[in-house]
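Below: one structure, written as structure tokens.
Values quoted throughout were computed directly from the atomic coordinates according to the rules given, and no laboratory measurement underlies them. Because the structure is predicted, anything quoted here is derived from the model rather than measured. Glycine gets a Cβ as well: all are built from the backbone with ideal geometry, and neighbour counts include every protein chain shown.
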């Protein structure tokens with residue numbers, strides 16, 4: 001069971017769990033973890049971060065397919081349409097599964113050797129990888145923190161890494177052939193499936209025997225089907241197929257899980273050669289996954305092997321399995337870490353910039369002597385962290401006078417900004433309640449009106465974000481909506497995963513007046529980084545937005561706006577400068593508060609860093 005869904009008793013939620021990457025980040029440097037997980041700083045997004053995802057995507061799409069169903073030159077989208085349930089998971093309730101619509105190829109067209117399977121698999125990778133890279137390029141281009149140059153991506157090198165993954169899989173498949181399909185062959189032939197079967201474009205349950213089952217000797221096509229590892233279905237929505245600790249405080253997502261021989265092998269795919277300190281994180285990650293498997297299987301089933309496949313080096317690295325005592329200790333330590341980092345979020349002074357020593361690894365993840373260097377030397381936050389050339393002497397609330405001006409502003413601490421409100425109102429109009437996925441709703445309080453913008457159909461509790469059958473004249477409670485003002489001056493109440501529209505009880509009284517809610521604030525902070533985004537709107541007109549991440553003594557926030565509203569000082573700001581951004585609106589998504597400048601906002605640097 002490589003997927004373990006949260007139970008109804010989950011009070012932690014997907015945004016507040018630990019993950020292996022967070023644990024490694026905190027163990028490497030608690031201040032780095034604080035900046036990226038508490039202050040929400042986002043490191044520069046270079047192409048190599050997206051290339052690894054493209055390689056894994058292409059490999060998984062190839063593994064999902066079958067040489068018994070499609071020729072090597074078949075269209076890339078032939079198994080694309082996985083039926084999903086309301087939560088974005090592959091549907092257990094039937095659906096139009098793509099593989100069920102395909103007839104098996106004649107047996108004389110089936111590969112009958114390992115080399116034949118390799119040729120077929122490489123042809124599929126030749127088709128899938130360019131499309132996966134193009135999809136990742138588009139994601140990179142849309143990222144406000146994109147850095148580097150996509151032209152440096154070596155497509156042929158990426159393809160060679162995909163070929164290497166195929167070769168490593170075929171080693172496992174050869175073992176399957178030599179074992180005549182393993183202990184579960186006959187069960188597979190009869191059409192029996194795992195609770196979470198390896199994605200193959202078929203339903204969770206088959207009505208009859210498997211369409212590719214042989215009545216005679218074990219075939220290479222059968223080996224491909226039987227040996228197929230579990231992986232995240234490429235058609236599933238992101239982050240829906242995690243394995244979650246039974247007590248909900250930890251989650252992970254396995255790359256590949258082999259189980260055809262009755263044993264469990266977890267494989268981590270790495271589109272790299274395995275050099276450098278990061279290879280130590282991969283080892284720790286797999287050991288944590290061994291703990292996760294153990295806890296999600298009643299603590300009576302352990303993993304049989306752990307492997308890292310370094311595709312850039314063509315090396316399979318076996319990881320030593322944790323003992324039962326180590327699994328127990330690891331679980332206890334991680335639960336305590338969750339209590340420290342998530343249950344009671346630490347303050348900045350509780351996360352000192354004292355990084356762990358660097359570790360040394362050569363190609364293939366082979367341990368070598370540690371380099372004579374500090375993590376701070378290559379840290380993205382060196383310029384603002386006390387461990388580097390920055391400091392923690394950050395701006396705070398109070399009256400600020402702008403240089404060369406008589407203007408002064410009463411600064412609000414970032415931690416005190418709260419764009420959410422709970423409002424009792426009457427529904428003035430509803431459009432598309434029964435004909436559109438998301439209705440257009442306007443509410444009123446007396447003669448004052450506000451528009452509702454539903455940007456999440458589901459509340460974090462799992463309930464619908466608005467009551468079914470909502471209609472004009474209903475009395476409603478808008479719980480935790482985000483209060484914003486659009487460019488026309490209209491009040492917009494946003495419904496995200498932390499907000500909800502529910503029927504108001506007759507006894508409830510209005511606690512927030514639409515016209516009394518504060519819409520504009522003044523903030524000051526140290527500049528962490530700037531970002532820009534451009535695009536083409538629906539009308540064909542180009543748009544251009546700019547922004548920056550700032551930090552004060554209590555928190556951090558992104559402030560963004562249209563490029564023309566920033567003024568000339570924006571282009572002169574450096575990392576570490578202290579700025580005032582006055583008369584801004586505030587917005588939010590989940591727990592992240594954001595600022596929005598307008599043509600009426602004021603932006604000015606009040607202290608420039610000297611380097």
At R0 = 45 Å, how high is the FRET efficiency between residue 426 and residue 10 if r is their beta carbon distance? Nearest 0.05 is fine. 0.85
If R0 is 41 Å, what FRET efficiency do you get for residue 508 and residue 572 from their C-beta distance, rounded to 0.05? 0.20
Most exposed to least, judged by fewest other Cβ atoms within 10 Å, 267, 48 sort to 48, 267
Pairing the Cα long axis of helix 114-142 with the longest principal axis of the chain, what angle in degrees results, from 0 to 90 and rounded to the nearest 10? 0 degrees
Please work out the C-alpha center-to-center distance from the stretch 474-497 to the stretch 383-422 and express it in whole Å. 27 Å
Efficiency of FRET from Cβ geometry, residue 401 and residue 78, R₀ 51 Å, rounded to 0.05: 0.15
Nearest 10, in degrees from 0 to 90: the angle of helix 47-64 to the longest Cα principal axis of the chain is 40 degrees
Post the alpha-carbon centroid distance, the stretch 63-127 to the stretch 216-285, in whole angstrom. 19 Å
Calculate for the chain the 222 nm mean residue ellipticity that helices alone would give, adding -39,500 (n - 2.57) per DSSP H run of length 4 or more and normalising by residue count, nearest 500 deg cm²/dmol. -7000 deg cm²/dmol
Starting from the 7 Å offset along Cα-to-Cβ, what nm value, one decimal, do you get for the label separation of residue 451 and residue 316? 5.8 nm
Pairing the Cα long axis of helix 278-295 with the longest principal axis of the chain, what angle in degrees results, from 0 to 90 and rounded to the nearest 10? 80 degrees
For residue 488 and residue 354, extending 7 Å from Cα along the Cα-Cβ vector and measuring point to point gives, in nm, a value of 5.7 nm
Cut-off 13 Å, label 7 Å out along Cα→Cβ of residue 109, residues of the stretch 37-79 by amide N: 66-75
Label-to-label distance, nm, for residues given as residue 368 and residue 520 (7 Å Cα→Cβ offset): 6.0 nm
When log10 I(q)/I(0) by the Debye sum over Cα atoms at q = 0.05, 0.08, 0.10 Å⁻¹ is calculated directly from the model, which label among [x] -0.27, -0.70, -1.07; [y] -0.22, -0.58, -0.93; [z] -0.38, -0.76, -0.99 fits? [x]
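Work out, step by step, the length gained on full extension between residue 171 and residue 131: first 0.36 nm times the residue separation, then minus their alpha carbon distance; give nm to one decimal.
11.7 nm
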Report the extension gain between residue 143 and residue 92 in nm, rounded to one decimal, defined as 0.36 nm multiplied by the number of residues separating them, less their alpha carbon distance. 14.9 nm
So what are the radius of gyration and Dmax for the Cα set of the stretch 417-503, in Å? 12.0, 37
Taking 0.36 nm per residue of sequence separation and subtracting the Cα-Cα distance, how much length would be gained by fully extending the chain between residue 209 and residue 599, in nm to one decimal? 133.7 nm
Between the alpha carbon centres of the stretch 132-158 and the stretch 327-342 the gap in Å comes to 36 Å
Show me the ranking of peptides 137-144, 273-280 by mean Cβ neighbours inside 10 Å, starting with the highest. 273-280, 137-144
Could you order peptides 477-488, 426-437 by the average number of other Cβ atoms within 10 Å of their residues, highest first? 477-488, 426-437
Residues in the stretch 253-286 reached by a label modelled at residue 302 [backbone nitrogen below 19 Å; 7 Å Cα→Cβ]: 258-259, 262-267, 283-286
